[in-house]
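Beneath this line is the structure, given in structure tokens, with notes to follow.
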Amino acid sequence: MKKKQPLLSILILSVLPRYESLQKLVGKLQKQILFNDLQEKIEVVLYVDNFEKTVGEKTQIALDSCNGKYACGIGDDDEISDDYCKEIIRAIETSNADHITFNVKVIDNEEDNQTRVECSIKNSLSPSYIWGLPSLTKGKFFGLIRGIKYYTHTLMVTKLEKTKHLAKFPFTNVGSDEKYYKEIYEKKLLETEHKIDKTLYVYHMNHKKSLCHRSTADFNRIVAKNEKLPKKFFISTDRINVLNIYNRK
């Protein structure tokens, strides 16, 4: 019997030094999928290497390999809410929108300030990073304005028939997500949107430790490559559908 197409492919890119945070994230996904009986509706696409490929190339390979009707991405050092899987699947089944959006909590680990960002294709701000920008109208801090704000850090929940093979991630370590979504936005590939009025994602930003931030990425990748790696790389994925693109043992 032909296997049923999953509704959602969840892409996770990682590197060997991030073993512990990856293990924690996959364990949380596994718990949610099993508890809500979503084994046939969700596949996890896991790509792990030791910096052999750029972030953009890994993302594109993972995206080309996934089987879901929709795809999204989670950063290996970020967090998701306890109802992340359930809420997204519910939105897919009830809306059939091109793009599923929700609120994202951004934490600057250096100052531990928190900002909630709505990731939406309907927001037409020019791409830019602005931290701690005072609002002249409200007298408060925006905290973070990031680009057009229709994505988090990797890949928002997007209907693949609208974007697959029509937009590509550039093979770079820095800014590949910005360029990818800029292409989607300019080509107007996503037309309809459904918002989940909840904070489902926590994006951790720490410029000093980031492997992708412009000012520190190259140095941090060199340091990470020389860190002590796990003697045995094993992530438990028991009873959930996982596509391992590459695992260096």
Exercise. ³J(HN,Hα) across region 80-97 via Karplus (A = 6.51, B = -1.76, C = 1.60, θ = phi - 60°), whole Hz, x for Gly/Pro?
Worked result: 10, 6, 5, 10, 3, 5, 4, 5, 5, 4, 4, 5, 4, 5, 9, 10, 6, 6
Exercise. With every protein chain present, what is the per residue accessible area of region 46-99 (1.4 Å probe, Å²)?
Worked result: 31 Å²
Exercise. Any idea what the dipole of region 33-96 comes to, in debye rounded to 20, about its Cα centre with Lys/Arg Cβ at +1 and Asp/Glu Cβ at -1?
Worked result: 300 debye
Exercise. In terms of modelled amide H atoms, which long-range or inter-chain residues lie less than 5 Å from the amide H of THR101?
Worked result: HIS194, LYS195, ILE196
Seminar exercise, completed: Listed by chain and number, the residues whose amide H is under 5 Å from that of MET156, excluding neighbours fewer than 5 places away on the same chain and using placed H, are GLY73
Seminar exercise, completed: Per the charge dipole of region 1-68 (beta-carbon charges, Lys/Arg positive, Asp/Glu negative, Cα centre), the residue among GLN32, ASN50, SER65 reaching farthest to the positive end is GLN32
For this session: Taking amide H positions as placed in the peptide plane 1.01 Å from N, state which residues far from ILE80 in sequence (5 or more) or on other chains have amide H under 5 Å from it.
Result: VAL202
For this session: Round to the nearest 0.05 the FRET efficiency obtained for PHE35 and GLN114 when R0 = 30 Å and r is the Cβ-Cβ distance.
Result: 0.65
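The values are calculated or read from the model by the stated rules, or taken from the named source; none is laboratory data. All values derive from a computational prediction rather than experimental measurement. As a convention, Cβ positions derive from the backbone with ideal geometry for all residues, glycine included, and neighbour counts pool all protein chains shown. Remember, those area values only see protein heavy atoms, side chains included, never the ligands or the DNA or RNA. Shrake-Rupley method; radii C 1.70, N 1.55, O 1.52, S 1.80 Å.
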